[in-house]
Amino acid sequence: MHPKTDKEITAIRESGHILATVRDLVASNIAPGITTKELAAIAERELKSLGGEPAFYGYMGFPDVICISVNEQVVHGIPGGYEVSDDDLVSIDFGVRYKGMITDSAVTVVAGSQSKLPGRIRKLMRATEESMYAGIDEVKAGARVGDISHAIERRLRKDNLGVVRDLVGHGVGHEVHEEPEIPNYGHRGKGPLLKANMTIAIEPMATLGGDQVFVEPDGWTITTRDRSLSAHFEHTILVLDKGFEILTESTT
Ligand code: MG
Ligand code: MG
């Protein structure tokens, strides 16, 4: 909630660069035949070589460095022996701590050849990513959290997608989750006021079915109740006086 200092912003910018580098490397390795644990090992190795620390490892007891959630799994999947197959929707969600500052970003990738991807999956992917950018476009000092929430929900509803309500975006920086909560639904003009130099994570989670989710017996993985496919995109954003800076933008 509190604006970050110039020194903290310099560090969180570096944290975001490291995160983007690792996230994009992991994403580029998502292909049929690789296991989610092997993807996590790639993340761990690359992050170590860049000098960052995994922000999720041990957070509330999470057992790995990265969350990998496949198909009807929405978020918080634990890497393991699952072997990715053609047309799987693989969501990776990653957090980096560098010089004490945390960034958080997620992306959903289709494994295998995308050419024969069904239109409804294409729509899910595109709309979820576009809803994230619709939310980001609302960011500036003086805007309200509800402006972001409303823009995300509006884009997702346009394609009749389920909008997951049990999980939300959030402030980020010193901790993985800080105030304020940033729901992916809501009303323009409502909610906390954004101030310059706040850092927030905007992360729509959408489904091809309903809004309802449940926690798997592993205690972590969040899955759609109706087993519909799900997508998740997230960036960490710096609030500026007249707009925003995406701290976890791809570096390529
Ligand atoms: Mg995340
Ligand atoms: Mg997050």
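Would you pull out the residues with amide H under 5 Å of L240's amide H, same chain only if 5 or more places away, H placed 1.01 Å from N?
A141, N197, E245
Which residues does a label at D166 reach in segment 215-232, if reach means a backbone N under 14 Å from a point 7 Å past the Cα toward the Cβ?
Flagged as within label range: 215-228.
Where does each of 42-52, 73-83 land if you order them by average Cβ count within 10 Å, highest first?
73-83, 42-52
Using the basic label-point model (7 angstrom from Cα toward the beta carbon), what is the K123 to S85 distance in nanometres?
Calculated label separation equals 2.5 nm.
Under a 1.4 Å probe, what is the accessible area of segment 21-157 per residue, stated in Å²? Could you put the intermediate results ahead of the total?
Working: 5530 Å² over 137 residues.
For segment 21-157, the solvent-accessible area averages 40 Å² per residue.
With label points built 7 Å along Cα→Cβ from the Cα atoms of D226 and Y133, find their separation and express it in nm.
With each label point 7 Å from Cα toward Cβ, the separation is 2.8 nm.
Specify whether the C-alpha gyration tensor of the chain places it in the rounded, prolate or oblate class, a ≥ b ≥ c being the square roots of the eigenvalues: rounded for a/c under 1.5, otherwise prolate if a/b is larger than b/c and oblate if not.
Values: a/c = 1.70, a/b = 1.15, b/c = 1.48.
Oblate is the answer for the chain, as a/c is 1.5 or above yet b/c matches or exceeds a/b.
How large is the helix-only mean residue ellipticity at 222 nm for the chain, computed as the sum of -39500 (n - 2.57) over DSSP H runs with n ≥ 4, divided by its residue count, in deg cm²/dmol to the nearest 500?
Using -39500 (n - 2.57) per qualifying helix, the result is -9500 deg cm²/dmol.
Highest first, please rank the peptides 200-210, 177-187, 104-114 by the mean number of other Cβ atoms sitting within 10 Å of their residues. Numbers along the way, then the final one.
On the way: 200-210: 25.9, 177-187: 18.7, 104-114: 20.3.
Descending mean neighbour count gives 200-210, 104-114, 177-187.
How large is ³J(HN,Hα) for each residue in segment 190-196, as worked out from phi by the Karplus curve 6.51 cos²θ - 1.76 cosθ + 1.60 (θ = phi - 60°), to whole Hz, x for Gly and Pro?
Each residue of segment 190-196 in turn: 9, x, x, 7, 7, 10, 4 Hz.
Rounded to a whole number, what is D in µm²/s for segment 1-147 from Stokes-Einstein with the Kirkwood radius over alpha-carbon pairs (10 °C, 1.306 mPa s)?
96 µm²/s
With θ set to phi - 60° and the Karplus curve 6.51 cos²θ - 1.76 cosθ + 1.60, what are the ³J(HN,Hα) couplings of segment 71-85 in order, to the nearest whole Hz, using x for Gly and Pro?
Per residue, the Karplus-derived 3J(HN,Hα) values read 6, 6, 6, 8, 8, 6, x, 9, x, x, x, 4, 9, 5, 10 Hz.
Looking only at L89, L19, L240, which one moves most when the chain is put into a Gaussian network model with springs between Cα atoms under 10 Å?
Highest fluctuation of the listed residues: L240.
Find the relative contact order for segment 6-246 and round it to a whole percent, using C-alpha pairs within less than 8 Å whose residues are 6+ positions apart.
21 percent.
The values are calculated or read from the model by the stated rules, or taken from the named source; none is laboratory data. Computed from a predicted model, the values in this text were never measured in an experiment. Ideal geometry is used to build each Cβ from the backbone, glycine not excepted, and the neighbour counts take in all protein chains shown. For the accessible areas, the whole protein counts, side chains as well, though only heavy atoms, and no ligand, DNA or RNA atoms are used. Shrake-Rupley method; radii C 1.70, N 1.55, O 1.52, S 1.80 Å.
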